[in-house]
1. Summing Lys, Arg as +1 and Asp, Glu as -1, what charge do residues with Cβ under 12 Å from the Cβ of A201 carry, A201 excluded?
2. Within the stretch 164-210, which GluC sites (Glu not before Pro) sit in a loop by DSSP and count at most 13 neighbouring Cβ atoms inside 10 Å?
3. Using DSSP to define loop residues, name the trypsin sites (Lys or Arg not before Pro) in the stretch 114-187 whose beta-carbon has at most 12 other beta-carbon atoms within 10 Å.
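Values quoted throughout were computed directly from the atomic coordinates according to the rules given, and no laboratory measurement underlies them. These figures come from a predicted structure and were not determined experimentally. Every residue, glycine among them, receives a Cβ derived from its backbone with ideal geometry; neighbour counts consider all protein chains shown.
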Amino acid sequence: MPHRVRIQCRLEEASDGEEELDQLLKSINESQDENMINFIKGGLKIRTSYQIYKECHQVLQMTQDSKNKNEIYHQFEGGVQLGIGAFNLMLSLLPGRILRLLEFIGFSGNRELGLQQLREGASGATLRAILCTFTLLLYHTYVSLILGTGEANLLEAETLLQPYLQKFPKGAIILFYDARIDILKGNFEKAQVTFQECIKAQQEWKQIHHLCYWELMWCYSFQQNWLQAYQYADLLCKESRWSKKALQLHVPVTATVWVPPQSPPQKRSSTMELSRHEDTLCLISSRSSHEPTSAKCWLKSNC
């Protein structure tokens, strides 16, 4: 089979594997189910996609020295780098017990290989370059911090984001990551301005607004600006359906802190009404094993 035709066939296979890549997230969620059968079924569903990427990666390695590298080849290369990188990185984040079970059915999670493939993909000029960049940004600004897998590489995150800031200065996702990096660096005032720009950049995806509200709520909390923190917590509580109990807990906490004793009676009475919900929230949250860690710490010290 001619070299070009073979690459085109593999490119189609890589596209098929790309459509199934998002099922990995579903499989990870199913891994927390006590029913092991569901976990195995979830793993088998995406095994085909993973095998396609592995075969494409082998073809890519065999053709690295080829001199006939056209646009199709580079698009194929970018797709393989995204798939291999994302699979290995996400699988490497799973607990050792789960990862051993996945290795039993043919998976493997090599974090260094995953990061290397994503970095190479992000440095290219293919359609998947920006997806590789977003995956790395998500890892450096959220995943590595939440899972405690290491220090966030903010220098790399800034380097990856800079070209897109110049090319898409009003892009909502670009602005969001820019503000998130500023929060991690302690530049709270700059982050607040950028989050506001992100909110104004588009009106179609309200979920991005909610992400900005969440970050702004904590940003103002770090600065002990409880009035602003309360306003964004209250806004999230009214508009967002995500983590209602955590938000309902944050509203009375911030309201209790920011209202001074010399405030008007009407304001103080409304704050007391909010605070009365704390005992109920403590009771509800103590019966729940799914409350966020930050909320549990607050409950232990205040309930």
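1. Details: positive: K170, K200; negative: D178, E197, E204.
Here the count lands on -1.
2. E204
3. K170
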